[in-house]
Amino acid sequence: MSEAAVLPGPLPGTAIVAELRRHVAAPPLLVWALAGDTNRWDRLVGFSPTTYRTEPVTGDAPPAMGGPAPESGMRRVGHAQIAGWDVSWVERGEWIEGDFLRGERHFVTGPMVTGGLLVRTSAAEGGTLVEASTWSVPRSELPRGVQEAIRGSLARSLERFLDAIARVLTAAPAPAAAAGLRAEPAATSARRVVLAAAPDAVTSGAATPAAAEEHFAYCAGRLASAPVEPVVRERMLAFLRSRGDDELRQIRPYEVARAWELDRRGVLSGFLHAARAGLVDLRWQINCPTCRVGAASAEGLDSVGKRVHCDTCDIDFDVDFAANVEAVFQVNGAIRPVQPAVYCAGSPWFRPHVFAMLVVAPRATREVTLSFPPTVLAVRRLGGRRLVPLPGTPAAPGTLDVRVRADEPDVVARGAAVVDADGTSRTRLRLQNDSAAEAVLLVEWVERDADLALGSEIMSLPEFGDLFAAEAPATGANLTVGAMTMVFTDLSGTTALYRRIGDARAFALVQAHFREMTAVAAANDGIVVKTMGDAIMAAFADPARAMAAALEMVARTRRAFAAHDVRLKVGLHVGPCLAVRANGRLDFFGTTVNVAARLQAAARPDQILVAADLLAHAGVERLVRERALVLAHYQADLKGLTDEMQVLSLDA
């Protein structure tokens, strides 16, 4: 257990406070993730959806948490309504995952000075002890009767809040509730549990009824004719019909797939077909590389710009399609008229990668004790862009000294961690702020969220190329699709084939070959982008899957054309590409594409040429080793490229 949260300091005597202790038969991490979700809490107590604006700091109000750095002179201000009042505020908050959360709103306008929520969770026999309190401080003293009415309302809200959390978590399927805890952020596990549980008005939001049942039935009929697994189709239709509004505003297909325990690419494919059927809308969310929160969204890739501004961090960044453009879905407005809504953007529910957010006063030192999860953590100062790795498990230090002198903190590890009887290692985190400004330090999970359906992955789905050709960015947009694996193939010996058996028979054989290659690409999570004469161009998100597909393509071609002396030549290369729309279809351009094409041209029949450094990819190396493939290394001077390449030849 850490020290008491330091925000916002002692409450004044005029504070109206409600408190509640509750035992929940669920793990502390899951309870903390839901009970500490200030977005749900603010919706429950009656705030309208919030709009945020970045504004200059004025008066004595503190800078906003989770917004621009305090020394920037800017703050993020929320605007909403509650009980008929127009209110605005800056958000203050801090937390340690699985331990505590304390969030406060410092009101700029409205009848209250401050209001907040404090949640503490600790392991107890059979589950978790939750200690929650909420408060409101009026601008002027209120009659006792009014104070008691407000206190009663806050107490009832706390009770409803914790009751709903207990219902959802205790009814959750055991595998969903237990799987992955400590191996991933607590909020990530909790999101999956909520999606697997029955919908609840408090945890899932109110369920806006379908706009027109006949239209829903029509769209469902269109989906029925699509190549979607029946179990995926049935789960999607029930999901769109019955889930709460909160869960339909931003649907992450990989997250839903894990909650349903179904194949993730099958579910993603299902949502793509559902978008084509009119049930959902495909959106592109551009996530900030610093705070990892959505900085912008677009209805089509042709409207995604080269640079995006993040209001939370007050920075501009280049759009990297592979790293920070995410495919998300929203229920179509003609199915359910659900509007986008956020009640508290600073909630840890929206920042699952932030393990801890801690505030250190100017020229002050603060200590907390925390338990490291079995992953890599790093620390940065709010507003800073550089992550400083923290030494962690399995050899967690006893003490970590984090000293803030400027934008980047210095980290020194000392001693060995204290290990509890249950094997949990505990580290003392000593935070020293040498600057004249308040320091907000973020301890973050470094690994990328596995539930993100990034642009490079969705573009490798055959369904995307077939259904959403117009989603490719317009020519000239130069939208980088990083780290795609491009495969070029070409049939060798077809000129003689056409002369020997005639144009009609030869053409039919080549078309059958294209269908076979398309099936191989799809089976390996890839897509045939286009055909050119006797050649194909295919794209894959995973180099190992691309290599497996290339080997299978060579083998199948050899069998199919055994009697005709026709063989396949393959070139394969990995790197960033440019996604464009050409002739109404998705296409890729750039150096990576050119190199793959040149490698194919240099290959011999039944040969796959790749850059030698691709063997450093663990999946490719394992494939080569397990199949005992014959390798040959040599330098290649490829036409159109200025430098020689170290090339690896696989004679399949």
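Scanning the range 317-355 for residues that are surrounded by fewer than 22 Cβ atoms within 10 Å (Cβ to Cβ) and assigned to a strand (DSSP E or B) gives 317, 318, 328, 330, 354.
Conditions (1) in a helix (DSSP H, G or I); (2) free of Cβ contacts under 8 Å to residues at least 40 places away in the same chain; (3) of a type in the set (Gly, Ala, Ser); (4) in contact with a Ser or Thr (Cβ under 7 Å, 6 or more places away or on another chain), marked per residue:
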| site | (1), (2), (3), (4) |
| --- | --- |
| 254 | yes, no, no, no |
| 257 | yes, yes, yes, no |
| 262 | no, yes, no, no |
| 265 | yes, no, no, no |
| 271 | yes, no, no, no |
| 281 | no, no, no, no |
| 285 | no, no, no, yes |
| 291 | no, no, no, yes |
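Kindly establish whether residue 203 is assigned to a loop (DSSP other than H, G, I, E, B) and β-branched (Val, Ile, Thr). No: the conditions fail for residue 203.
I'd like to know if the range 195-212 contains one or more residues that are modelled with pLDDT of 90 or more and surrounded by fewer than 18 Cβ atoms within 10 Å (Cβ to Cβ). Within the range 195-212, not a single residue is modelled with pLDDT of 90 or more and surrounded by fewer than 18 Cβ atoms within 10 Å (Cβ to Cβ).
What pairs come up if the first residue lies in the range 219-233 and is in contact (Cβ under 8 Å) with a residue 40 or more places away in the chain, the second is not in a helix (DSSP H, G or I), and their beta carbons are under 6 Å apart, counting only those six or more places apart or on different chains? Matching pairs, first to second residue: 219/278; 219/279. There is no residue in the range 327-337 that is of a type outside the set (S, T, N, Q) and closer than 30 Å to residue 56 by Cα.
Name the residue that is most open to solvent (accessible area, probe 1.4 Å), counting only residues in the range 135-151 that are part of a helix (DSSP H, G or I) and in contact (Cβ under 8 Å) with a residue 24 or more places away in the chain. Among those residues, the one meeting the criterion is 151. Every test in (1) in contact (Cβ under 8 Å) with a residue 24 or more places away in the chain; (2) surrounded by fewer than 17 Cβ atoms within 10 Å (Cβ to Cβ); (3) of a type in the set (Gly, Ala, Ser) is passed by residue 238 save one, and that test is (1). Annotation: of all residues in the range 624-652 being surrounded by 14 or more Cβ atoms within 10 Å (Cβ to Cβ) and in contact with a His (Cβ under 9 Å, 6 or more places away or on another chain), the one that is modelled with the highest pLDDT is 649.
Considering the range 77-121, the residues that are touching a residue at least 40 places away in the same chain (Cβ under 8 Å) and either part of a loop (DSSP other than H, G, I, E, B) or hydroxyl-bearing (Ser, Thr, Tyr) (or both) include one that is surrounded by the fewest Cβ atoms within 10 Å (Cβ to Cβ), namely 114.
The residues of the range 362-387 that are open to solvent by 50 Å² or more (accessible area, probe 1.4 Å), touching a strand residue (DSSP E or B) at 6+ places or on another chain (Cβ under 8 Å) and part of a loop (DSSP other than H, G, I, E, B), listed by number, are 362, 363, 376, 385, 386, 387.
The numbered conditions (1) modelled with pLDDT of 90 or more; (2) on the phi > 0 side of the Ramachandran plot; (3) not aromatic (Phe, Trp, Tyr) are all true for residue 278 except (1). Before we move on, is residue 189 in contact (Cβ under 8 Å) with a residue 24 or more places away in the chain, closer than 23 Å to residue 346 by Cβ, touching a Gly at 6+ places or on another chain (Cβ under 7 Å) and assigned to a helix (DSSP H, G or I)? Yes.
The values are calculated or read from the model by the stated rules, or taken from the named source; none is laboratory data. Keep in mind the model is a prediction, meaning the values are calculated, not measured. Cβ: placed from backbone, ideal geometry, glycine included. Neighbour counts: every protein chain shown. Calculation scope for accessible area: heavy atoms of the full protein, side chains included, ligands and nucleic acids excluded. Shrake-Rupley method; radii C 1.70, N 1.55, O 1.52, S 1.80 Å.
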